[in-house]
């Protein structure tokens, strides 16, 4: 199954949710791929995230993007971030989003990857914006082999979990990010500095969303550097 949508059962038996799945075609002579859960921004399963999933699938990973807004919205949330109406809807969903339930759905997605006959059992979580926070929380609270967050909003409010980090965790931030200002990044650097498993990268001259291809703040150079660092960590931790 190279790519397409799947259904994942929620851990609390409240229903099933959609997820985009991408992986290389199964070949018996190749090792089973490790799994990655890619966690959404506020726009749901966007074209950008599908691009990310397909890109990591080409590198030999099995990738799932769960629709974490399924409890609040229609069965599948796919919002292009170019229109004002889509942005307004996205922020409305974000304001009423239950982070703990989102973490449960990430755990369910990880379980699906581990139980799938075509994955190895090694897993990681990569998240952007809202997903950056959830990637951090996954790295603290879930049994995964690596976590990577891009410009995660609100991580400083979840530092009570920092002593639970047991596997590599990488955070990418933008120097000019109004949602994650420099003083917040400095706080995170200081409070996470005692854990050698945590690496934090700050990208000069960049703003929130610098890694999102097609976005208004896209910075190709920073995106390529951050993605190369992410891929290096994934290969080291999962392959």
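Read-outs: derived from the displayed coordinates by stated rules, not from any lab. Note that the structure is predicted; figures quoted are calculated from it, not measured. Glycine also receives a Cβ, built like all others from the backbone with ideal geometry; neighbour counts cover every protein chain displayed.
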- If 183, 41 are placed from fewest to most neighbouring beta carbons inside 10 Å, the sequence is 183, 41
- Project the alpha carbons of region 96-239 onto their principal axes and report the range along each, largest first, in whole Å. 43, 35, 32
- Could you sort 174-181, 203-210, 42-49 so that the peptide with the highest average Cβ count within 10 Å comes first and the rest follow in order? 42-49, 203-210, 174-181
- Query: Between region 217-232 and region 168-187, what's the alpha-carbon centroid distance in Å?
  - Reply: 15
- Task: Could you please state, rounded to a whole Å, how far the C-alpha centre of region 190-214 is from the C-alpha centre of region 1-54?
- Result: 25
- Task: Kindly provide log₁₀ I(q)/I(0) values, in the same order as q = 0.11, 0.13, 0.14 Å⁻¹, from the Debye equation applied to equal alpha-carbon scatterers of region 132-217.
- Result: -0.27, -0.38, -0.44
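Quick check on the exposure proxy: order 71, 32, 212 from fewest to most C-beta atoms within 10 angstrom. Please list the in-between numbers first.
Working: 71 18, 32 15, 212 25.
Sorted ascending by nearby Cβ count, the order is 32, 71, 212.
Among 96, 87, which comes first, then next, by fewest other beta-carbon atoms within 10 Å? All intermediate terms of the calculation are to be shown ahead of the outcome.
Working: 96 10, 87 15.
Lowest count first: 96, 87.
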- Item | Highest-MSF residue in the chain out of 22, 108, 211 [GNM, Cα springs under 10 Å] | 108
- For region 31-142, what is the convex hull (Cα atoms) projected area averaged across all directions, in square nanometres? 6.7
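Can you give the calculated 222 nm mean residue ellipticity of the chain, where each DSSP H run of n ≥ 4 adds -39,500 (n - 2.57) and the sum is split over every residue, rounded to the nearest 500 deg cm²/dmol?
Details: 6 runs with 82 residues, N = 239.
Roughly -11000 deg cm²/dmol at 222 nm, from the helical runs in the chain.
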- Item | Interatomic Cα distance distribution for region 77-178, bins of 10 angstrom, percent | 15, 42, 32, 12, 0
